[in-house]
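Written out below as structure tokens is the structure these notes cover.
The values are calculated or read from the model by the stated rules, or taken from the named source; none is laboratory data. Since the model is a prediction, treat every value here as computed from it, not as a measurement. Don't worry about glycine lacking a Cβ; one is built from the backbone with ideal geometry, like all the others, and counts go over all protein chains shown.
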Amino acid sequence: MPTTSFRTIRREVMRPLGLVEFSTTSNIGSGTSIISTELTNRFSNDDFFNGWFVTIVVDNDDGTSTPANGLGTTTRRVTDYATSSGTLTVAGANLSAEDEVVDCDLYTFHPDDIKRAYEKARQVVFERYIGIVRDTETLVTGQSQVLFTIPSTVRKVQQVYLGDRLEATSYSNNLLSNGGFEDWSSATSPDNWAVSGTSATIHQEEDTQSPSNYMVLTGSNSLRFFKPAVTYTCQVLQTLNPSQSIAIEDVELNFSVWVYCTFPDAIVKCQVDGAGITATVTTGTAHGNTGWERLTVSAVTNSAAVLNSNVTVGVEADSPDATAYNVYMDEAICVAGPDELAEAPWEPILDYEILPPVGGASNGGLIRLKHPLPEKRRLRIVGLDYLSTISTDATTIEIDGDLLEPLYDLMRSYLCEERASPALTGKVSAQWALKAAEYRQKFENATLRLGLEMPGPRLRDPAVVAAGAAFDAVR
């Protein structure tokens, strides 16, 4: 999903409400003056910016270090604007001296007010299905299991799917030998796989019946990897050695493996390593330590790569202290060429209900199925989370480009509502009230047009009608 910095959001929100971007002509000194001839060229009225707010920023493409006044953290109220020199005099203590020309923004609203409008809007737009799309695949079905805990990052479940797996032993494009860990020379020696790390060991896990061995994901066997009480990383690795001649130079490798781990301090990742890849070592994201989970990683081979001697794949296990734990592995697949991992189709699940989280819960509630599913299959949950909170100018927000303008309009509506204060009687207050209603109507229309809310019988927003009548009364 595309990301947008809060600095960009703030600027776009303020463009119709009062925004001027400019660069300083000379370095800001230790004082209360900011000078820019750009302002002189564009704004010829003295005191034009009196009461505005100036924020010191640096463009994303500037490439320089953070300014002495902070990146978007120094905002001052303008007390005087002299057009002859392009000098803004600001209130408060002396500014920190800058050793370079910096970029600044002028706003009619204080940036803290804009931030507050965003924090309010992000909660409201969530009800219109504007948020961060969450697509989680970390749940695995159990034996006769009908109740599943929703990850805390999913606040609104939209769809649930049941996943299938490509079988490592039968998938013809798999570059790994014994990817399903079915072949063993002995109970501690799987064919084609090796362990790295003193005292680290690997063991055969055999499937059983009545009850079945949940640590065998599929087939007859899986691998149990014991990481000893040491401070260094231990690994289970295989050097790629495809049985047929395939193109291997400058291609993408996609490796996936199913891993089970519940030790809270475990750091378990899959990796691609060796002289045959463009990076020294490429590792995937860490296991969540919540049971079976599919780990993935991708890397690119170099122009002289020879897979049967220069590239290894596998799983590494570590911990912040010298602790021992076990990791289970099954269904390892590696393919060369495609830009996505090997995947099986998903089947939608329709017969389920959502149980909201109880007070104080750290999860997103529960999914209760009407019927148990086949065991050891992935459960995929697609849903929404709130847009990110804001901490700094550089904070990025994940949001689809089509949904930015409705968010902007709702923020503008809140800002205008604050200006339509009862203390501002007459025409000024009515103008701000009318603007607030117009931006709110634009937000409502956009969500209807994008299919984010079911159309209702209302044709006109009563707030717009009331604000227009108030404006006419004092005009």
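May I ask you to say which residue of L350, L341, L366 is surrounded by 12 or more Cβ atoms within 10 Å (Cβ to Cβ), over 23 Å from S177 (Cβ atoms) and not assigned by TED's automatic domain parsing to the domain that holds I246?
Values: L350 fails: surrounded by 12 or more Cβ atoms within 10 Å (Cβ to Cβ); L341 fails: over 23 Å from S177 (Cβ atoms).
Going through L350, L341, L366 in turn, just one is surrounded by 12 or more Cβ atoms within 10 Å (Cβ to Cβ), over 23 Å from S177 (Cβ atoms) and not assigned by TED's automatic domain parsing to the domain that holds I246: L366.
Quick check: is even one residue across region 315-325 in contact (Cβ under 8 Å) with a residue 24 or more places away in the chain and over 30 Å from H203 (Cα atoms)? Show your work before the answer.
Keep residues of region 315-325 that are in contact (Cβ under 8 Å) with a residue 24 or more places away in the chain, which gives 315-325.
Okay, now just the ones that are also over 30 Å from H203 (Cα atoms), so none.
No, the conditions are met nowhere in region 315-325.
Scanning region 360-379 for residues that are out of contact with any Ser or Thr (no Cβ under 7 Å at 6 or more places or on another chain) and either under 22 Å from K115 (Cα atoms) or in a strand (DSSP E or B) (or both) gives I367, R368, L369, R378.
Find all pairs meeting these conditions: Cβ atoms under 6 angstrom apart; at least six residues apart or on different chains; first residue within region 102-113 and touching a residue at least 60 places away in the same chain (Cβ under 8 Å); second residue acidic (D, E) and not in a helix (DSSP H, G or I). Short answer, once both residue conditions are applied: D103/D59; D105/E21.
In this structure, is S210 in the same structural domain as A324 (by TED's automatic domain parsing), within 19 Å of V313 (Cα to Cα) and polar (S, T, N, Q)? Write out each step before concluding.
Numbers: in the same structural domain as A324 (by TED's automatic domain parsing): yes; within 19 Å of V313 (Cα to Cα): no; polar (S, T, N, Q): yes.
Considered against the rule, which asks whether it is in the same structural domain as A324 (by TED's automatic domain parsing), within 19 Å of V313 (Cα to Cα) and polar (S, T, N, Q), S210 comes out as no.
Among the candidates I246, I202, the residue that is of a type in the set (A, V, I, L, M, F, W, C) and exposed (fewer than 14 other Cβ atoms within 10 Å of the Cβ) is uniquely I246.
Which members of region 286-309 meet the condition of being polar (S, T, N, Q), over 24 Å from D183 (Cα atoms) and surrounded by fewer than 23 Cβ atoms within 10 Å (Cβ to Cβ)?
Listed by number, the residues that qualify are N289, T290, S298, N302, S303.
Yes or no: T66 surrounded by fewer than 16 Cβ atoms within 10 Å (Cβ to Cβ) and among the β-branched types (V, I, T)? Yes, satisfied. Residues in region 174-188 that are among the hydrophobic types (A, V, I, L, M, F, W, C), part of a loop (DSSP other than H, G, I, E, B) and surrounded by 13 or more Cβ atoms within 10 Å (Cβ to Cβ): L175, L176, F181. Among all residues of region 396-405, there is none that is over 28 Å from A436 (Cβ atoms), in contact (Cβ under 8 Å) with a residue 12 or more places away in the chain, in contact with a Leu (Cβ under 8 Å, 6 or more places away or on another chain) and part of a strand (DSSP E or B). Determine, yes or no, whether L237 is surrounded by 13 or more Cβ atoms within 10 Å (Cβ to Cβ), in contact with a Leu (Cβ under 6 Å, 6 or more places away or on another chain), under 19 Å from T296 (Cα atoms) and modelled with pLDDT of 90 or more. Taking the combined requirement at face value, the residue does not satisfy it.
Can you find even one residue in region 263-280 that is surrounded by fewer than 19 Cβ atoms within 10 Å (Cβ to Cβ), touching a Phe, Trp or Tyr at 6+ places or on another chain (Cβ under 7 Å) and outside the structural domain of T136 (by TED's automatic domain parsing)? Checked against the condition, which is being surrounded by fewer than 19 Cβ atoms within 10 Å (Cβ to Cβ), touching a Phe, Trp or Tyr at 6+ places or on another chain (Cβ under 7 Å) and outside the structural domain of T136 (by TED's automatic domain parsing), region 263-280 yields at least one hit. Restricting P348, P357 to those that are part of a loop (DSSP other than H, G, I, E, B), over 30 Å from S243 (Cα atoms) and touching a Leu at 6+ places or on another chain (Cβ under 9 Å) reduces the list to P357. Is at least one residue of region 12-23 β-branched (V, I, T), in a strand (DSSP E or B), over 24 Å from R419 (Cα atoms) and under 38 Å from the mean Cα position of the chain (by Cα)? No, because not a single residue in region 12-23 is β-branched (V, I, T), in a strand (DSSP E or B), over 24 Å from R419 (Cα atoms) and under 38 Å from the mean Cα position of the chain (by Cα). Quick check on my filter: what residues within region 316-348 are hydrophobic (A, V, I, L, M, F, W, C) and under 25 Å from the mean Cα position of the chain (by Cα)? Passing the criteria: L341, A342, A344, W346. Inspect all residues belonging to region 140-158 and state whether any of them is within 30 Å of N221 (Cβ to Cβ), in a strand (DSSP E or B) and not β-branched (V, I, T). Yes; the residues of region 140-158 include at least one that is within 30 Å of N221 (Cβ to Cβ), in a strand (DSSP E or B) and not β-branched (V, I, T).
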